């Protein structure tokens, strides 16, 4: 089927054809000639009553209109596609697409607009793909709006996660985008991807969101927690909102916040929390205010038990006192009783020499039989991770010289002696140095070293760790931004499949031009015989 | 003075006047003298002839004996012992100005005729008419009257469009028993036949000179063309490739012939000329036709 790559040129026909018609308004009557006595010609062969030939079209006007139409068709770049491309519809189901518009949800408006546009694509293979989750897509029939709605609804029902935009270049074919344009940087992707049509939905611009709920232990009193709540106004008008803090489903505190447009407001609160507490922050609109378009970002939930606020740990065997002191000095650690029936620890510190097949991380302390003071500085190995930031003093380790056992991975060595190694099964660390050696345990680096090893084993920051749950304020921005499709730039597939039809139009255009020049020549010759008065040869 | 009158040569006019004097010198002269006395009816005491009674004639002029003999009312005519009064009616319609040379020749003819008539001691008035009387110069004699006539002829060109040619509009300004000269193209549907007959009936003598132009019956165009009557504004669509100028010229010739016949029937002196002719040639031809009298 022929298509026009630049169809806007055809709009020029709208004023051009009436203009030609107007310029030739007298052509159907031919030349106007004044005569002294009209009755001398009335009734003669070749004469007609006035208006008797109005139905006869003026061939000159028709020729010129056709010529102009052909030229405009030429510049409109007519092409014939040898096969129909696959139409890929990229559906943006970011958080802003879930906004509630006055009539329906923003994504539902987009679906309606999409299927209205797909009515022109009957017979073409259409695939609906997710813009935010690469790889997710379903084949789409332009008449199966219900199935498409269900698929999109299932995408939206899953928790929102901001993903990367699809990698470029896209697969060959035609590509559309269904979005509200609220995401940042989307226009650049649209241009680079060669999106030929953008279907946009949504008009609401005002949204307020809770962007952060975080908690940390008090620096002066570790038994208390400092709670921080942050709310943002992403709309264009100043609003007043109420923020409510719930602890374990009970309302604990609320604040009345006046938030200027484009600004964030924070509130801090200190209270005592247990390791199993559940913190919830809610952003509430006044009763007389319009409903929030995006309720999903008005609530933040933080479960301390899941976030490592209190890490249960067990200490087995007869461990050096220095280890007990260090473990007891970390507020985030909950030292479990060694009695049977206690809770499952997240890590174990074992000082016994027994083999252990526990599945939880294990920190095994090996007491060297004949410890020897090791001179020189200990060196962290590449697998040490964050522990490498700790600078250890020289001549503070005492251990058994030479390599010990078959360690999986040595992370701290001194010469050829392994001091700390990482184990794969069970996961954890082996400490091969003497933990009774006073030059070491009296060093301020010692508790930091032990704490770092425990942190690495349990995967939770134990010293001054901040637990936080956040909403990205960019994701909560729902203001639609107009996106421009790249209709003027044909995709590589279209270029490869298009057969240029301009050659077929240039031939009749030249023929019309030659015809016109021929008649103009005859007309000039005829005009040369005319006298001033217009009727005398 | 306008362009047509600028070409009116005084020497030509005097030469034409001498020709006219010789031309009319051969006619019977009732009174010897340097100025010829033309034989024509008018106010006088000496009997000239009879003619049929026409409405408007004085009943006291009816010759009852002649009426009894001819069984028709006859009135006596007397020789006019004074000079005559001439009214020159010049068609000032748009059709006279359409084609180059037509209006010029008409103006030159009117001026030359006025010159001759004044030269022969007649009183001359000139009326420019279209569908109304556009301008009028009352009867006058001598150089002053001639100068006034020239000024009038040079100051009023025909309109470019519209109007018409109705000779009848001059009638209220004419006097019964006078002489009339009509200069026009007579290109109206009815050919002014009725008005000419009316003039002939109320006037002592009526002359008609038809001025035409070649373009009156010829058009040249490519493809379709619209002919527009310059006076009435009526239009007609033609196919220039198939329309025949020859047929239009034949139609015009037949109308000229019909007009000539009509004038002859009403004893109106008639001449037809085209704009390519010289005014002197046209006037001489008209004067030399049998039966012409200028006084």
Segment A:304-318, subset part of a loop (DSSP other than H, G, I, E, B) and surrounded by fewer than 21 Cβ atoms within 10 Å (Cβ to Cβ), residue modelled with the lowest pLDDT: A:308
Filter pass, residue A:467 being touching a strand residue (DSSP E or B) at 6+ places or on another chain (Cβ under 7 Å), modelled with pLDDT of 80 or more and part of a loop (DSSP other than H, G, I, E, B): no
Qualifying residue in segment A:136-145 (condition: at pLDDT 85 or above and buried (at least 20 other Cβ atoms within 10 Å of the Cβ)): no
All positions within segment B:210-245 that are out of contact with any helix residue (DSSP H, G or I) (no Cβ under 6 Å at 6 or more places or on another chain) and either closer than 29 Å to residue B:86 by Cα or more than 10 Å from chain A (Cβ to nearest Cβ) (or both): B:210, B:212
Residues of segment B:35-77 satisfying the condition of being more than 28 Å from the chain's Cα centre (by Cα) and modelled with pLDDT under 85: B:45, B:46, B:47
Residues being away from chain A (no Cβ under 14 Å) and modelled with pLDDT under 85 - total across segment B:78-103: 7
Qualifying position, being within 14 Å of the chain's Cα centre (by Cα), surrounded by 21 or more Cβ atoms within 10 Å (Cβ to Cβ) and within 30 Å of residue A:120 (Cα to Cα), among A:148, A:182: A:182
Whichever residue in segment A:421-454 is within 43 Å of the chain's Cα centre (by Cα) and free of Cβ contacts under 8 Å to residues at least 60 places away in the same chain and, among such residues, is nearest to residue A:360 (Cα to Cα): A:425
Residue list for segment B:256-276, restricted to those being surrounded by fewer than 19 Cβ atoms within 10 Å (Cβ to Cβ), touching a residue at least 12 places away in the same chain (Cβ under 8 Å) and outside any strand (DSSP E or B): B:256, B:258, B:260, B:266, B:267, B:276
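Please go through segment B:249-282 and pick out each residue that is facing chain A (nearest Cβ under 7 Å) and out of contact with any strand residue (DSSP E or B) (no Cβ under 9 Å at 6 or more places or on another chain).
B:251
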Subset of segment A:168-223 (residues that are free of Cβ contacts under 8 Å to residues at least 24 places away in the same chain and closer than 30 Å to residue A:269 by Cβ): A:220, A:221
Residue, farthest from residue A:411 (Cα to Cα), within segment A:369-392, restricted to residues that are assigned to a helix (DSSP H, G or I) and either without any contact (Cβ under 8 Å) to a residue 24 or more places away in the chain or in contact with a helix residue (DSSP H, G or I) (Cβ under 6 Å, 6 or more places away or on another chain) (or both): A:389
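Looking at residue B:108, is it modelled with pLDDT under 90 and over 20 Å from residue B:200 (Cβ atoms)?
On the way: modelled with pLDDT under 90: no; over 20 Å from residue B:200 (Cβ atoms): yes.
So residue B:108 fails the test.
With B:167, B:187, B:199 as the choices, which residue is in contact with a helix residue (DSSP H, G or I) (Cβ under 9 Å, 6 or more places away or on another chain), facing chain A (nearest Cβ under 7 Å) and buried (at least 22 other Cβ atoms within 10 Å of the Cβ)?
B:187
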Qualifying residue in segment B:145-157 (condition: without any contact (Cβ under 8 Å) to a residue 40 or more places away in the chain, surrounded by fewer than 17 Cβ atoms within 10 Å (Cβ to Cβ) and either assigned to a loop (DSSP other than H, G, I, E, B) or facing chain A (nearest Cβ under 7 Å) (or both)): no
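The values are calculated or read from the model by the stated rules, or taken from the named source; none is laboratory data. What you see is a predicted model, and the numbers here were worked out from it, not measured in a lab. Counting neighbours? That spans all protein chains shown, and the Cβs are built from the backbone with ideal geometry, glycine included.
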